[in-house]
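Worksheet: the structure to be examined is printed underneath.
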Amino acid sequence: MKILLILNGKGGVGKTTTARNMAAAAAAAGLKVATFDTDPQGTLTKWWQKRPEGAPTIDHYQESLADLEGPVEALEGIDLLVIDTPTAIEMAGIRPNAEKLIDQADLILTPLQATPEDLESVRGTLMLIRSRGKATTFVLNKVKPRVKEVTDARRGLAGGGEVAPVDLPDLAEVYRSFSAGLGVVEVAGAKSVEDFVALWQYVSGKLGFKS
Ligand SMILES: Nc1ncnc2c1ncn2[C@@H]1O[C@H](COP(=O)(O)OP(=O)(O)O)[C@@H](O)[C@H]1O
Ligand SMILES: [Mg+2]
């Protein structure tokens, strides 16, 4: 079982969006997928509860990061576990448990927007990941077309880790797919299907899944 950890101490950057879309894309690609919501707000759980009949099955688990005891156990028959996390993971109370997840992760994705606020506040998360001897892959999210900040962000982030080759566009279909309990790749006619598929293929390759 491979563990994909979605981590950024800042809220509203796209962690849950990335988690549910990578899980849905992996399930659509035929993998046995489970999601694990460690955010007490439970947004990923609410999404999972909305999944329509007939959509590829995703198993789901929920436990607040603060309450995690011991390492995440391997789940029988599951190829990929996608873990969503809360904000403020650098805070003393939950930091040790965030560290456990970092230690166990096969791949970490850090979504953020190409804004000065997100670029500054991602440093704390990056330092936390590095303090465990790990690296992260940044995913630029809510990207607007032809905005110079995106090029600047790619350049600025390059020193801190890999930047995924695919950016996720700022589109209403992304939040609409939440209400439908779907990933964008499961929405017929969605404009950004190619972007989410391309991000999944990149992630899948990094995790060592054969496509
Ligand atoms: N690419 C996107 N396009 C449009 N809306 C997005 C996109 N990514 C995230 N959102 C919306 O932005 C908000 C925050 O995203 P979310 O994934 O919940 O962030 P986090 O989990 O990091 O707090 C949500 O309302 C979500 O639907
Ligand atoms: Mg979230």
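The values are calculated or read from the model by the stated rules, or taken from the named source; none is laboratory data. As the structure is a computational prediction, the values presented were derived from the model and not from experiment. All Cβ positions, even for glycine, are placed from backbone atoms using ideal geometry, and neighbour counts span all protein chains on display. In case anyone asks, the SASA skips ligands and DNA or RNA and just uses the protein heavy atoms, side chains included. Shrake-Rupley method; radii C 1.70, N 1.55, O 1.52, S 1.80 Å.
Some observations on this one:
- The set of residues in region 148-190 that are exposed (fewer than 13 other Cβ atoms within 10 Å of the Cβ), on the phi < 0 side of the Ramachandran plot and more than 16 Å from the chain's Cα centre (by Cα) comprises Lys148, Thr151, Arg155, Ala158, Gly159, Ala172, Ser179, Ala188.
- Check on Glu76, more than 18 Å from Ile129 (Cα to Cα) and of a type outside the set (A, V, I, L, M, F, W, C): yes
- Index of the failed condition, Gly12 passing every other in (1) buried (at least 22 other Cβ atoms within 10 Å of the Cβ); (2) within 12 Å of ligand 2 (Cβ to nearest atom): (1)
- If you go through region 42-59 and keep only what is β-branched (Val, Ile, Thr) and within 19 Å of Ile78 (Cα to Cα), you end up with Thr45, Thr57, Ile58.
- Within region 136-147, the residues that satisfy the criterion of being open to solvent by 40 Å² or more (accessible area, probe 1.4 Å) and either at pLDDT 95 or above or not hydrophobic (A, V, I, L, M, F, W, C) (or both) are Lys142, Lys144, Pro145, Arg146.
- Strands (runs of 3 or more DSSP E) fully within region 56-122 counting 1 or more residues that are open to solvent by 80 Å² or more (accessible area, probe 1.4 Å), farther than 30 Å from Lys148 by Cβ and in contact (Cβ under 8 Å) with a residue 24 or more places away in the chain: 58-62
- Tabulated pairs, region 135-154, first in a helix (DSSP H, G or I), second of a type in the set (S, T, N, Q) and open to solvent by less than 70 Å² (accessible area, probe 1.4 Å), C-beta under 9 angstrom, 6+ apart or interchain: Glu149/Gln113; Glu149/Thr115; Ala153/Gln113; Ala153/Thr115
- Among the residues of region 15-25, some residue qualifies, meaning at least one is over 27 Å from Arg132 (Cα atoms), in contact with an Asp or Glu (Cβ under 8 Å, 6 or more places away or on another chain), within 16 Å of ligand 2 (Cβ to nearest atom) and of a type outside the set (D, E, K, R).
- Test: residue in region 155-165 that is under 21 Å from Ala55 (Cβ atoms), in a helix (DSSP H, G or I) and not aromatic (Phe, Trp, Tyr): no
- Cβ pairs under 6 Å, 6+ apart, first in region 1-14 and at negative phi, second among the β-branched types (Val, Ile, Thr) and in a strand (DSSP E or B): Leu4/Val82; Leu5/Ile83; Leu5/Ile108; Leu7/Ile108; Leu7/Thr110; Asn8/Thr110
- Selection count, region 178-211, where residues are free of Cβ contacts under 8 Å to residues at least 60 places away in the same chain, part of a helix (DSSP H, G or I) and of a type in the set (S, T, N, Q): 1
- Residue match in region 32-55 (condition: closer than 20 Å to Lys100 by Cα, away from ligand 2 (no atom under 16 Å from the Cβ) and of a type in the set (Val, Ile, Thr)): no
- Count of region 164-182 residues which are among the aliphatic types (A, V, I, L, M) and within 15 Å of ligand 2 (Cβ to nearest atom): 2
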